[in-house]
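In what follows, a structure is listed as structure tokens, so that the remarks can point back to it.
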Amino acid sequence: MNLPNKITISRILLIPVFLVLMLVPFNWGEINFLGTIIPVAHLLGALLFIIASITDWIDGYIARKYNLITNLGKFLDPLADKLLVSAALIVLVEMQFAPSWIVIIIISREFAVTGLRLILAGTGEVVAANMLGKIKTWAQIIAIAALLLYNAPFESIGIPFATIALWIAMIFTIWSGYDYFAKNKDVFKNSK
């Protein structure tokens, strides 16, 4: 297994640690983070989410720079992103920081595109993430990070940046999902 794939797997392995930090009621106190009071465990969880998200860029950069792109990596990288993003979104619903209907739309799109990838894989085609899919992923990561950080530093000045970012992420999620299906609509045509 090459280095980019190991980094991708490490992203998956960080998810349970993130969940524990966000959901177990640790009594570690609170901290003033950029003008916003955040429980220490939640700040650590948010920072872990951000670090795990950055590994998405790192593994892709290494894979492209050293020509280490593999079908396993093309499969694992979007899967790791979906697992991390889905876990964080569900945590945000639990914390009542994100509306469940937006999270359902985002996660449903992820399942639908994963299903499409599986169908295409059955025909021998492995679909790597396109630019719109990458923008969608980063829009989601920015929105989730802002929500996990309690909208700091914008909360102290009354700007709902995290909420706006979540709406933008939802729009890119829908748009990129439509794009994947529009470009691969032929796979659904009946053939014998």
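Key figures
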item	result
Residue in the range 158-180 that is in contact with a Ser or Thr (Cβ under 8 Å, 6 or more places away or on another chain) and more than 26 Å from L68 (Cα to Cα) present	no
Criterion (surrounded by 13 or more Cβ atoms within 10 Å (Cβ to Cβ), at pLDDT 95 or above, under 18 Å from the mean Cα position of the chain (by Cα) and over 14 Å from V85 (Cα atoms)) met by exactly one of L44, L19, L48, L14	L44
Test: residue in the range 13-24 that is closer than 18 Å to W138 by Cα and aromatic (F, W, Y)	no
In the range 170-184, the residues that are under 14 Å from the mean Cα position of the chain (by Cα) and among the aromatic types (F, W, Y)	F172
Residues within the range 83-142 that are surrounded by 16 or more Cβ atoms within 10 Å (Cβ to Cβ) and either in contact with a Cys (Cβ under 7 Å, 6 or more places away or on another chain) or of a type in the set (S, T, N, Q) (or both), tallied	3
Residue match in the range 18-41 (condition: acidic (D, E) and part of a helix (DSSP H, G or I))	no
Pair list, Cβ < 8 Å and 6+ apart or interchain, from the range 173-190 residues that are at pLDDT below 90 to residues that are in a loop (DSSP other than H, G, I, E, B) and among the hydroxyl-bearing types (S, T, Y)	V187/T123
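The values are calculated or read from the model by the stated rules, or taken from the named source; none is laboratory data. The shown structure was predicted, so the numbers you read here are calculated from the model rather than taken from an experiment. A quick note on method: Cβ atoms are made from the backbone with ideal geometry, for glycine too, and the neighbour counts reach across all protein chains shown.
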